[in-house]
1. Would you check if ASP86 is closer than 15 Å to SER11 by Cα and either surrounded by fewer than 19 Cβ atoms within 10 Å (Cβ to Cβ) or modelled with pLDDT of 95 or more (or both)?
2. It is to be established whether one or more residues within the stretch 73-82 are hydrophobic (A, V, I, L, M, F, W, C), over 22 Å from SER15 (Cα atoms) and touching a residue at least 40 places away in the same chain (Cβ under 8 Å).
3. What's the total number of residues in the stretch 43-80 that are surrounded by 12 or more Cβ atoms within 10 Å (Cβ to Cβ), over 11 Å from ALA21 (Cβ atoms) and of a type in the set (Asp, Glu)?
4. Identify all residues within the stretch 29-46 that are touching a residue at least 24 places away in the same chain (Cβ under 8 Å) and more than 14 Å from the chain's Cα centre (by Cα); write none if there are none.
5. For the stretch 2-9, state whether one or more residues are touching a residue at least 40 places away in the same chain (Cβ under 8 Å), in a strand (DSSP E or B), of a type in the set (Lys, Arg) and farther than 23 Å from GLU113 by Cβ.
6. Across the stretch 16-42, which residue is farthest from ASP115 (Cα to Cα) among those that are small (Gly, Ala, Ser) and surrounded by 14 or more Cβ atoms within 10 Å (Cβ to Cβ)?
7. Please specify each residue of the stretch 101-119 satisfying the condition of being surrounded by 13 or more Cβ atoms within 10 Å (Cβ to Cβ) and more than 18 Å from TYR16 (Cα to Cα).
8. Tell me whether the stretch 63-85 contains one or more residues that are under 13 Å from the mean Cα position of the chain (by Cα), of a type in the set (D, E, K, R) and closer than 24 Å to ALA27 by Cβ.
Amino acid sequence: MTRIDFHTNISDKVSYACRLARKAYGARGKLVLLAADAAQAAALNSSLWTVGETDFLPHAMAGDALAPHSPIIVTDSLEGEFPHYDMLVNLTQATPLRFERFQRVFEIISTAEDDAAAGRKRYLAYKQQSFPLTHFVAA
């Protein structure tokens, strides 16, 4: 069953997702970063190149020729197939389409009230479906 981790009180979702990607890649994890829209996906793609001075995070946009070989995929849609289903990082305000395909889902919730309210609704929905949940509040 998919494990779902809520990370709340996040001031910058793109930067936070990049740090999660760095940590996951360092542990040999594979993940899909789900952006809210094309602009946020482009911001993620760009930010992954500058996470750290010495870090290299191999990534590709979904649909790119390199995507099947990349441990980090950036997308704004979960339609279609992906080369791996280890981890999903959700930056949207909606429950991801077919999230159950992933072993683990990270729900990234910002400090904005509308985002927090949408996150609370998703938490309750996941809980009602008996998914294992954890909650981390960023300092």
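The values are calculated or read from the model by the stated rules, or taken from the named source; none is laboratory data. Given the structure is predicted, the values throughout are model-derived calculations rather than measurements. As a convention, Cβ positions derive from the backbone with ideal geometry for all residues, glycine included, and neighbour counts pool all protein chains shown.
1. no
2. yes
3. Residues meeting the conditions: 2.
4. If the condition is that a residue be touching a residue at least 24 places away in the same chain (Cβ under 8 Å) and more than 14 Å from the chain's Cα centre (by Cα), then ALA38 is the only one that fits.
5. Yes: the stretch 2-9 contains one or more residues that are touching a residue at least 40 places away in the same chain (Cβ under 8 Å), in a strand (DSSP E or B), of a type in the set (Lys, Arg) and farther than 23 Å from GLU113 by Cβ.
6. GLY29
7. ARG101, PHE102, GLN103, ALA118
8. No, there is no match, as no residue in the stretch 63-85 is under 13 Å from the mean Cα position of the chain (by Cα), of a type in the set (D, E, K, R) and closer than 24 Å to ALA27 by Cβ.
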